[in-house]
1. Taking R0 as 56 Å, what FRET efficiency do you get between D145 and T324 from their Cβ-Cβ distance, rounded to the nearest 0.05?
2. Given R₀ = 25 Å, what would the calculated FRET efficiency be for D194 paired with T341, taking r from the Cβ atoms and rounding to 0.05?
3. Ratio of alpha-carbon Rg to the 2.2 N^0.38 Å globular estimate for region 31-157, to two decimals, please.
4. Can you give the relative contact order of region 212-296 as a percent, counting alpha carbon pairs under 8 Å and 6+ residues apart?
5. Calculate log10 I(q)/I(0) of the chain for q = 0.08, 0.10, 0.11, 0.14 Å⁻¹, where I(q) comes from the Debye formula with a single equal point scatterer on each Cα and nothing for solvent.
6. Need one value: the accessible area of T185 in square angstrom, 1.4 angstrom probe, rounded to the nearest 10.
7. What percent does the relative contact order of the chain come to when contacts are Cα pairs within less than 8 Å and at least six residues apart?
8. Using a 1.4 angstrom probe and counting only protein chains, how large is the accessible area of C213 in Å², to 10?
Amino acid sequence: MLSSEQFRSHFPALQRHVWLDTPASPPAALGVAHALQTALDSWLYGELDWREWDHAPVASKTAVARLLGIAEEQAGERIAVMGSTAEAAATVAGSLPPGRIVVPAQEFRSNLFPWLQLEAAGHEVVLVPPRDGHTRTEDLVAALDTRTVLLAISDVLSIDGHRADLPALRQATDGVGARLFVDATQSLGALHLDMERVRPDYLAVHGYKWMLCPRGAAWLVTAPERIDELVPLLPNWKSTAPPHAFFGGPYVRADSAARCDTSPAWLSWVGALPALNLLLDLDAEQVERHCLRLAADFRAHVAETKAGIPLPSSQSHIAVVRVTDPDAVRVRLARDGVRATLLGDRLRVGFHYFNNSSDVERAANALEGARTP
């Protein structure tokens, strides 16, 4: 298993930047960039083998199963490859029976709009408003009743770094017979997800953030008892059982989650495989401890120096701080080589396993310096 410093050595950008902007996108890992460059060269000089590229999405399912602790022999049965979280959510939305759908009002739009669109089809969509800046578990539970067919929630929401209490929400949805849809895009790769405790009916994740993949590689993981319900959003030549033919019918969809496989954008998947293999060289629980510690140290430093006001957190690797002078903060961060995101008067930073205590200190010092005349 790689140490944090060994993992850090795979990211040349960290020699130039303090990278705390992984909630938006991480820097490229060497193996990912090399795989993409090799593919581009083979394409450029006419030596590509599209069949090899086309195998990458299938191979990624096994890697994702390992990351989630799912038996590898179930990978092909339970995992579909997607192009985005929105595609995964829309696929599930189109597979639901009539009923009530509960979703936080401030969810990321890719995990919000696919459900809202169902209102035109007669579903009742209940938007749970935030209190004190974030969505409360008890408010989500209170919105559930026996009419509810699905609760959709992000494991971690990047607007405030709030981490959902997924085991409690699983218990609550079980109590009313509802499905649980989890978007793990802002957590998987940095935080450990206990699939046995949470047992999501559907788990969607776009790999271009904490999983270090190129944009365009995403997955939908479906519980075995929900697979027969799945209706492909975009039926295509991958929707049938292999071997996949190209022309003519009939259309007999696969009896696994693969019926929902998207027709892959090859280069995204060529880059995804080395990213996933790099993550598989890490100890997931050690990674989570590391990331949570750095985020907690950052919040504590900021609070102690009064350089900003940290928003309340719930064991998340994403820290959000209110600042009084966003323009000054932006200038100081750029001067000190700190990559992060300002959302109005909120500074958002995220800590991956490649970050270290020096990154915490430089970011906190930059924030403190921004308020010093």
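1. 0.80
2. 0.30
3. 1.41
4. RCO, region 212-296: 36 percent.
5. -0.42, -0.66, -0.79, -1.20
6. Looks like 10 Å² after rounding.
7. 23 percent
8. 10 Å²
The values are calculated or read from the model by the stated rules, or taken from the named source; none is laboratory data. In this text, all values refer to a predicted model and were calculated from it rather than measured experimentally. Quick reminder, even Gly has a Cβ in these numbers, built from the backbone with ideal geometry, and neighbours come from all protein chains shown. Heavy atoms of the whole protein, side chains included, go into the accessibility calculation; ligands, DNA and RNA do not. Shrake-Rupley method; radii C 1.70, N 1.55, O 1.52, S 1.80 Å.
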